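Laboratory data are not the source of any read-out in this text; all were calculated from the coordinates shown. All figures in this text were calculated on a predicted structure; none of them were measured in a lab. With ideal geometry, Cβ positions are generated from the backbone for all residues, glycine too; neighbour counts draw on all protein chains shown.
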């Protein structure tokens, strides 16, 4: 699952679900450089695939996801505050999601625990019926 809006116009948005197919490692640094994802939404990342320099991404219709650099001030609001940096892929495991996390999504398949009686209707309205 994507954890940030990578490219809204290309449907690479926070909450987009998919499967990581491959992790590409940089030959020089020996660190992961690109994650290739097959998203559940077939329209997600179409432009990213088309514009990718990776033939693997284009040939297999996989979306290349690059790491994102985040800068965080140790003491927000203070101009002289030191800054930390974190380089991280904007993805997380999504074996299970809370009802609140998937709010607003339309899903093709779900598995639900009906322990929370008040949320049954809400959960079932997120599923696409064919």
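When 126, 1 are ordered from fewest to most other Cβ atoms inside 10 Å of their Cβ, what list results?
Values: 126 15, 1 19.
Ranking 126, 1 by Cβ neighbours within 10 Å, fewest first, gives 126, 1.
Sort all Cα-Cα distances of segment 44-86 into consecutive 10 angstrom bins from zero, then give the percent of pairs in each bin up to the one containing the longest distance.
27, 26, 16, 21, 10
What does the convex hull of the alpha-carbon atoms of segment 15-60 project to on average, in nm²?
The directionally averaged projection comes out at 3.7 nm².
Over the alpha carbons of the chain, what is the largest minus smallest coordinate on each principal axis, giving the biggest first in Å?
50, 47, 26
If I stretch the segment between residue 13 and residue 81 completely, what's the gain in nm (0.36 nm per residue apart, minus their alpha carbon distance), one decimal?
21.4 nm
How large is the helix-only mean residue ellipticity at 222 nm for the chain, computed as the sum of -39500 (n - 2.57) over DSSP H runs with n ≥ 4, divided by its residue count, in deg cm²/dmol to the nearest 500?
About -2500 deg cm²/dmol.
Can you sort 105, 69, 17 by how many other beta carbons sit within 10 Å, fewest first? Before the final figure, lay out each step's value.
Details: 105 14, 69 9, 17 17.
By the 10 Å Cβ count, ascending, the order reads 69, 105, 17.
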